[in-house]
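Notes follow the structure.
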Amino acid sequence: MWLRVFVPLLFLASWCVLIAAKETERAPEDVTFCELARNPNAYSGKRIRIRAVYSYMFEVSRLKSPTCCSERGESIWVDFDDDLHGKSKRLFKSFPKGMGVVLAVFVGRIETGKVYGTFGERVRLVVDQIDRVEEKAKPSAGQSPTWVPQNCESENRQSPV
């Protein structure tokens, strides 16, 4: 009798330990956009959480700084994991269709060492979770929303390498 109770309990306990270990292994590291842009190789292969502006349209899918870094950094290509689910999938489906900008907190794995995207970016974030969306917009006629930092490209060109 006790064997009928003990074996399922042992199985359940083992399963819980495996799930907890998997979650601990996957815990993302919080990284600012500027830290990632300055040294993407330090995060290669790691799962990170980052607050950034996601800018996208035909053949463009990039992260931008939410605060405008004064240092030149890498462009970061973005892909979304096909297995987004639950809250993350609903948030992703709420993004403006076709093109837009979204200020959000993304979680995913950083990849380096290859060429990614249309413009040959050397860094890619594969998003597997969206924690929250703070702002979203579909810009028109080259007009960016006021919450997107302006003139970052000219600031980055003037700064030393």
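The values are calculated or read from the model by the stated rules, or taken from the named source; none is laboratory data. This is a predicted model, so every value here is computed, not measured. Virtual Cβ from ideal backbone geometry, glycine too; neighbours counted across all protein chains shown.
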Requested in this report: Test V127 against the stated conditions and say whether it is β-branched (V, I, T) and closer than 17 Å to E59 by Cβ.
Outcome: no
Requested in this report: Go over the candidates R62, R51 one by one and state the one that is at pLDDT 95 or above and crowded, with 17+ Cβ neighbours inside 10 Å.
Outcome: R51
Query raised in the report: Mind checking whether some residue in the stretch 7-26 is under 30 Å from V148 (Cα atoms) and either aliphatic (A, V, I, L, M) or modelled with pLDDT of 90 or more (or both)?
Result: no
Report summary line: Only unsatisfied item for I130, checking (1) surrounded by fewer than 17 Cβ atoms within 10 Å (Cβ to Cβ); (2) modelled with pLDDT of 90 or more, is (1)
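Determine which member of the set T112, T67, T118 is among the hydroxyl-bearing types (S, T, Y), touching a Pro at 6+ places or on another chain (Cβ under 8 Å) and not in a strand (DSSP E or B).
T67
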Query raised in the report: Can you find even one residue in the stretch 88-103 that is part of a strand (DSSP E or B), touching a Ser or Thr at 6+ places or on another chain (Cβ under 7 Å) and modelled with pLDDT under 95?
Result: yes
Query raised in the report: What is the one condition in (1) part of a strand (DSSP E or B); (2) touching a helix residue (DSSP H, G or I) at 6+ places or on another chain (Cβ under 8 Å); (3) of a type in the set (K, R); (4) at pLDDT below 95 that R72 does not satisfy?
Result: (1)
